[in-house]
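The structure under discussion appears below in the form of structure tokens.
The values are calculated or read from the model by the stated rules, or taken from the named source; none is laboratory data. Worth saying up front: this structure is predicted, and the values here are computed from it rather than measured. Heads up, the Cβs are rebuilt from the backbone with ideal geometry, glycines too, and the neighbour counts pull from every protein chain shown. We work out accessible area using only protein heavy atoms, side chains counted, and drop any ligands, DNA or RNA first. Shrake-Rupley method; radii C 1.70, N 1.55, O 1.52, S 1.80 Å.
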Amino acid sequence: MADNRKLHVAVFPWLAFGHLIPFFEVAKFIAQKGHKISFLSTPRNMNRLPTLPPDLVPCFDFVNLTLPRIENLPENAEATMDVPPEDIHFLKKAFDGLEDELTQFLESSTPDWIIYDFAPYWLPPIAAQLRISRAHFFVTNAWFLDFFGPTSVMIDSPKKD
């Protein structure tokens, strides 16, 4: 007999539209199956996403995360398109500042799954501790993963200080 239980899936992409859009498409596909989606990003990025089809609106919860202000990161910069390439490291530093807010969300909303991108190295141990299943969605070609090492390192890497 098939399991018809509806899942709550959190989706947490990196702050680049080459990542946000593929994650959004995956989230829509999951929502089409009737599952609840919590799509997590910053307010400005949420506003720039394509409009959801009306039938999927009830399945989506857009969760705005507050990107911390980082010195040298331009005001209102919330995606790679908002900063010159040489300043992406400031955006990455700000992204790392989302750890506490994301952890609070995961603790309070208890999703069944979280689908995450390459950047939050700190997320897998948090999800594991909260007993949230996790999936690493990588938006590049599979062969490119060889440059990062074994999958186990990407999924279960220890938290860095």
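Structure notes:
- The stretch 98-134, subset out of contact with any helix residue (DSSP H, G or I) (no Cβ under 9 Å at 6 or more places or on another chain) and open to solvent by less than 40 Å² (accessible area, probe 1.4 Å), residue nearest to L73 (Cα to Cα): L98
- If you go through the stretch 69-81 and keep only what is open to solvent by 40 Å² or more (accessible area, probe 1.4 Å) and more than 18 Å from F23 (Cβ to Cβ), you end up with R69, E71, N72, P74, E75, N76.
- From the options A27, A31, A10, residue that is more than 23 Å from I126 (Cα to Cα), modelled with pLDDT of 95 or more and buried (at least 20 other Cβ atoms within 10 Å of the Cβ): A31
- Matching option when the condition is in contact with a helix residue (DSSP H, G or I) (Cβ under 9 Å, 6 or more places away or on another chain) and not acidic (D, E), among H89, H8: H8
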